[in-house]
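Asker: The structure's right below; bear with me while I get my questions together.
The values are calculated or read from the model by the stated rules, or taken from the named source; none is laboratory data. Being a predicted model, the structure only gives us computed values, none of them experimental. Every residue, glycine among them, receives a Cβ derived from its backbone with ideal geometry; neighbour counts consider all protein chains shown. Only protein heavy atoms, including side chains, enter the accessible area calculation; ligands, DNA and RNA are left aside. Shrake-Rupley method; radii C 1.70, N 1.55, O 1.52, S 1.80 Å.
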Amino acid sequence: MIIPFAQLDPNTLQNLLEEYATREGTEYGEREVELPEKVASLRRQLQSGEVVIWFDPGEETVNLVLAEDLPADV
């Protein structure tokens, strides 16, 4: 299920973006990228619709996923 980012409390959204940006496997290449820059990039991707917040009720997990990777019926 897609969670509209604009409906989240600003602090909750900030915490979600920070948590996601610091997960293992979210490296940004050869140069070091600071957390505020990572969060800003994720926020821009949410605002553009490139990325969505996805809640999986079966696993009770929240992830950021590329909108293009979602099934057409979502």
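Asker: Could you say whether any residue in segment 60-73 is in contact (Cβ under 8 Å) with a residue 24 or more places away in the chain, assigned to a loop (DSSP other than H, G, I, E, B) and open to solvent by less than 60 Å² (accessible area, probe 1.4 Å)? Break it down stepwise before answering.
Answerer: Looking only at segment 60-73, we keep the residues that are in contact (Cβ under 8 Å) with a residue 24 or more places away in the chain, and these are 62-64, 70.
Keeping just the survivors that are assigned to a loop (DSSP other than H, G, I, E, B) gives 70.
Subset that is open to solvent by less than 60 Å² (accessible area, probe 1.4 Å): 70.
Yes: one or more hits.
Asker: Can you name every residue in segment 1-14 that is in a helix (DSSP H, G or I) and surrounded by fewer than 13 Cβ atoms within 10 Å (Cβ to Cβ)? Before the answer, list the steps.
Answerer: Filtering segment 1-14 for residues in a helix (DSSP H, G or I) gives 5-7, 10-14.
Scanning segment 1-14 gives 6, 7, 10, 11, 12.
Asker: I would also like to ask the following. Can you give me the number of residues within segment 20-35 that are surrounded by fewer than 12 Cβ atoms within 10 Å (Cβ to Cβ) and either modelled with pLDDT of 95 or more or closer than 12 Å to residue 64 by Cβ (or both)?
Answerer: 1
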